[in-house]
Amino acid sequence: MDTIDKTDRYTIDTLEGLAGLYDKPVEGVLRKETDHVTDVGRAFLAASPFLILATSSDAGLDCSPKGDAPGFVQLLDDRTLLIPDRPGNNRIDGMKNLLVNPKVGIIFMVPGSNETYRVTGSATISTDPELLKRFEVRGKAPRVVMIVAVDEAFNH
């Protein structure tokens, strides 16, 4: 496999070099970032049937799709998301990563919307029977629920 030459004169390798290519973001873009899920975020999560969960570990990176009926992700409070793990291919790549590195990036999507809602934070995996019961569908509970402590959230 070919390798990328990171030493040529066209490679950006400093923050200053990167920042010099872009205008500063407008104030409104910076102000929308919060440390909790806002009312706009609550509405977006309630309408979202789909998300991408990004995780990482020394073994690698993973971006896993998660989905169910709109609103399948619940808020415990403004700083805590609950994400049920629905049946899938059983690779559990993202959850294996969480055991090593709890940091997550999540993008929520709503079909037909030109916006997304982004959340970063730290996640744990739970088998708490009370949490599992919250997410029963047709009498079947998920195997686990991911509990995400929100660090930052904003619409995008």
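Is it the case that residue 144 is in contact with a helix residue (DSSP H, G or I) (Cβ under 9 Å, 6 or more places away or on another chain), at pLDDT 95 or above, buried (at least 17 other Cβ atoms within 10 Å of the Cβ) and more than 17 Å from residue 45 (Cβ to Cβ)? When the stated conditions are applied, residue 144 passes them. Each residue in segment 86-104 was checked for being touching a residue at least 40 places away in the same chain (Cβ under 8 Å) and of a type in the set (S, T, N, Q), and 2 of them qualify.
Which ones in segment 21-71 are among the aliphatic types (A, V, I, L, M), assigned to a loop (DSSP other than H, G, I, E, B) and within 15 Å of residue 119 (Cβ to Cβ)?
37, the sole residue that qualifies.
Checked against (1) without any contact (Cβ under 8 Å) to a residue 40 or more places away in the chain; (2) not in a strand (DSSP E or B), residue 142 passes all but condition (1). Across segment 53-68, the qualifying residues are those that are surrounded by fewer than 16 Cβ atoms within 10 Å (Cβ to Cβ) and in contact (Cβ under 8 Å) with a residue 40 or more places away in the chain, and the one among them that is farthest from residue 92 (Cα to Cα) is 58.
Screening the candidates 107, 83 for the property of being assigned to a strand (DSSP E or B), over 30 Å from residue 26 (Cα atoms), under 11 Å from the mean Cα position of the chain (by Cα) and touching a residue at least 40 places away in the same chain (Cβ under 8 Å) yields one hit, 83.
The values are calculated or read from the model by the stated rules, or taken from the named source; none is laboratory data. The shown structure was predicted, so the numbers you read here are calculated from the model rather than taken from an experiment. All Cβ positions, glycine included, derive from the backbone under ideal geometry; neighbour counts span all protein chains shown.
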